[in-house]
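Asker: The following block contains the structure, expressed as structure tokens.
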Amino acid sequence: MVAVIFMNFCSLIPTLNPVPRQIDLQSFLSYIMPVLPVFSVTGVVQALFTKRAVNLLAVKSKVRLFRTAGLALVASSVLMVVLVCIGVSLFFTASVPATAVFAVPFAGTTISYFTWMLTAKSFFSIKAPTSQSLPTSRTAGQARYCPHCGAKNLPDAVFCTRCDKKL
Ligand SMILES: [Zn+2]
């Protein structure tokens, strides 16, 4: 993946691109072609672990969108494997250009960005803990400011939490 990005970066800046590498690009791509399905499978494994994590988050935070995001992540990674396998087999049988096959991982990355956006949206839907869980004395009344250091303390505080002096 890094190599692919690097290659594209090199082709964008032709002056920085060494001449022998430009000639070898096509053969280099065909050389690393069989590695692509392996990489895409590791993507599925990663997605499955992430799904377990977000499912746990869905249970803890009661945000069901996490579950959807996890499923979308796994689905997109499986789709990626299928597309990569089709692309690689087409490359070897029907001599599809290598650059076309390498477009697949980029498309897959774009899809996974959307699923991560879904995950981010889930994080924003987490509701902050309500004041019910806090003792009433903590929420009622004005905060006490320390006369020594100016730190904000709870209304019923006797000693400052920052400097430990008597309020
Ligand atoms: Zn203080």
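The values are calculated or read from the model by the stated rules, or taken from the named source; none is laboratory data. The structure presented is a predicted model; accordingly, all values stated were derived computationally and were not measured. So basically every Cβ, Gly included, is an ideal-geometry build from the backbone, and we count neighbours across all protein chains shown.
Asker: Go through the stretch 152-167 and count every residue that is under 41 Å from the mean Cα position of the chain (by Cα) and either more than 8 Å from the ligand (Cβ to nearest atom) or modelled with pLDDT under 90 (or both).
Answerer: The total comes to 2.
Asker: Now for a different question. Please determine, by comparing only the residues of the stretch 127-151 that are modelled with pLDDT of 60 or more and closer than 30 Å to A58 by Cβ, which one is farthest from the ligand (Cβ to nearest atom).
Answerer: Ranking the candidates gives K127 first.
Asker: Next question, about the same structure. Report whether or not V78 is under 30 Å from V41 (Cα atoms), at pLDDT 85 or above and not in a loop (DSSP other than H, G, I, E, B).
Answerer: The answer is yes for V78.
Asker: Could you please let me know if F28 is outside the structural domain of A107 (by TED's automatic domain parsing), assigned to a helix (DSSP H, G or I) and over 29 Å from K127 (Cα atoms)?
Answerer: It is true that F28 is outside the structural domain of A107 (by TED's automatic domain parsing), assigned to a helix (DSSP H, G or I) and over 29 Å from K127 (Cα atoms).
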